[in-house]
């Protein structure tokens, strides 16, 4: 594996990095006057994305542990700034991991949408459920709520922009693995990555970069 440069002075254009976004994303950023040029954070994310291992019998888009990113890029403060910028530009999302450790998974936004669509397809194929709520979730929730968690009230408010919301709709989102209820507050949900649970059990941090 090639060494990742950690010099804060080095800058690379996003033209050098193509994972997770396309020309349309850059155009939208330009219209907002946002510069999408980052230091080694995005380079490290892209390398780890490309080296994510194939796992038999599990359909999962690549993700990166935030702790692994911190160990690859020395300037943690700059990493945090870059991650915040990338979140705002909807290039990636962060997810709280239920591993008992203070760590997060980082997934490129387009990969997460793909993962969500696969989970929804499996759920619909098995149960023939209505899929409108998943479209509402993608359009009205994911694109406006960038935090790790969301309250039940805010979730329903955002979803209602698409149509009338029932309790069963929220249950569908949970069953699809897109939300997990918080233990300490049942009125709060963590945003989640479908199918990640089985992978986390046997996936070490070292495996993510080999």
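Coordinate-derived values only; no laboratory data. Quick caveat: nothing in here was measured; it's all calculated off a predicted structure. All Cβ positions, even for glycine, are placed from backbone atoms using ideal geometry, and neighbour counts span all protein chains on display.
Averaging 1/r across all pairs of distinct Cα atoms in the stretch 45-142 and inverting the result yields a Kirkwood radius of 15.1 Å. Between residue 161 and residue 57, the simple label model (points 7 Å from Cα in the Cβ direction) yields a spacing of 4.1 nm. If you model the stretch 114-191 as an ellipsoid using its alpha carbon gyration tensor, with each semi-axis the square root of five times an eigenvalue, the axes come out at 19, 14, 12 Å, biggest first.
Using the Cβ-Cβ distance between residue 102 and residue 143 with R0 set to 25 Å, the FRET efficiency works out to roughly 0.40.
When only Cα pairs under 8 Å and 6 or more residues apart are kept, what is the percent relative contact order across the stretch 114-191?
It comes to 33 percent, rounded to a whole number.
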